[in-house]
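The values are calculated or read from the model by the stated rules, or taken from the named source; none is laboratory data. Everything numeric in this text was worked out from a predicted model, so none of it was measured. Every residue, glycine among them, receives a Cβ derived from its backbone with ideal geometry; neighbour counts consider all protein chains shown. Keep in mind that these areas ignore ligands, DNA and RNA; they rest on the heavy atoms of the full protein, side chains included. Shrake-Rupley method; radii C 1.70, N 1.55, O 1.52, S 1.80 Å.
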Amino acid sequence: MAEWLYEEGIGEARAALIEHGKLVEALVEREGEQARAGAVVQGRLIATVIPKKRGIVRLTSGEEVLLEPIPPRLAEGGNVLVEILREAIAEEGRPKRAKGRVPGPGVKPHPGPSLLQRIRATGVPILPCPAHEEDRLEAHGWSELMEEAMSGEIGTEAAALRLYLTPAMLLIDVDGSLPPAQLGPKGAKLAAQAVRRMGLSGSIGIDLPTMNNKDERMIAAAQIDKYLPLPFERTAVNGFGFLQIIRRRERANLMEVLREDPVLTAALALLRRAERHGQGGAATLTAAPAIVDLLHKRQDWIELLARRRGGPVGLKADAALSLAAGHVA
């Protein structure tokens, strides 16, 4: 049996797919004006790229989108509708613009589907998780998964993963104390589960231990096929234990969403705890100065929290606290 747990939080929405009592997929969508995948939006061509098959379109929101191909009769300065195929992604050192194309005839501007609309489209039952009820997300390991996405470290001494985000691909290094014949399949299983849980996509390289023979490598590769749902493509495990997975990339993965702005991530996590703390009423949020500064600038969030709790909310900065150590009283 499967179901989506859905939570409409302050500043972001969250969803977790639960199968047989385990969290197998987590999604986070933050508020903002960035065009969503699937949207059709109005823009203006501001530049072309040599050869003149690609261009940059500035949307009415100010966001820039890479358009490919450019319609034959569209000149710089011309208005154009753009269908968003991939959302903007804040990669370290080289942020990626959103990617789009010209939609078919007769298509009118419309927004892309929200997180709630996307999970509704799966046909899997949805269970809303309001703050005044049991914290079902936390009961299924939500905070632990968020920590894994921030640290990039998963597993135990016997079999562990280290995840590295690079501009070219996401790399997963498998290590552990198990013998290679056991570590290969175990590491492949952990990697496939991590890819699904965090919504990792695009080009993914998995560095398994060097195994003794082709049969052992095939057993490890079979774990990818077992624990990672289609669609995806993969290579065989080569003699050095490396294989590559390709998954369609439409939006930032969980690691990228959380790491784009660690202060924002910590602030939203604190607001989530504050919504669920105690029996409501007045509260004081104590956190690192950077978090308090951000929350002072987002008085709309504080006012919303106060309404949901039914009492005033105060902020207190403590320079001794790390980003993750904020608390509610």
Tell me the label-point distance for the pair GLU64, ASP318, using the 7 Å Cα-to-Cβ offset, in nm and rounded to one decimal. 4.3 nm
Evaluated at 10 °C with a viscosity of 1.306 mPa s, what Stokes-Einstein diffusion coefficient in µm²/s does the stretch 1-134 have when Rh comes from the Kirkwood expression over alpha-carbon pairs? 95 µm²/s
Only helices counted: for the chain, with every DSSP H run of 4 or more residues adding -39500 (n - 2.57) and the sum spread over all residues, [θ] at 222 nm is -8500 deg cm²/dmol
If R0 = 51 Å, then ASP293 and ARG73, at their Cβ-Cβ distance, give a FRET efficiency to the nearest 0.05 of 0.55
Using label points projected 7 Å from each Cα along Cα→Cβ, tell me how many nm separate ARG54 and GLU303, to one decimal. 4.3 nm
So, for the stretch 102-170, what is the accessible surface per residue at a probe of 1.4 Å, expressed in square angstrom? 59 Å²
Enter the Cα centre distance for the pair the stretch 47-91 and the stretch 92-119, rounded to the nearest angstrom. 12 Å
Among the listed pairs LYS186/LYS214; LYS22/LYS99; LYS22/LYS189; LYS186/LYS226; LYS99/LYS189; LYS53/LYS99, which are separated by more than 24 Å between their Cα atoms? LYS22/LYS99; LYS99/LYS189
Label 7 Å along Cα→Cβ of VAL263; the stretch 60-82 residues with amide nitrogen under 17 Å? none
Which percent, nearest 5, of DSSP beta bridges in the chain are antiparallel? 80 percent
Hey, what's the stretch 1-56 come to in accessible area per residue, 1.4 Å probe, Å²? 49 Å²
Mind sorting out which of (1) 124, 58, 42; (2) 65, 60, 40; (3) 71, 49, 34 is the real Cα extents along the principal axes in Å computed from the coordinates? (2)
In nm, to one decimal, how far is the THR122 label point from the ARG162 one, both placed 7 Å along Cα→Cβ? 3.1 nm
Would you mind calculating the gained length between LYS226 and GLU92 on full extension (0.36 nm times residue separation, minus the Cα-Cα distance), in nm to one decimal? 45.0 nm
To the nearest 10 square angstrom, how much accessible area does HIS110 have with a 1.4 angstrom probe? 80 Å²
Scan around GLY202 for amide H atoms under 5 Å from its own, H built in the peptide plane at 1.01 Å from N, and keep only partners 5 or more places away or cross-chain. ARG247, ARG248, ARG249
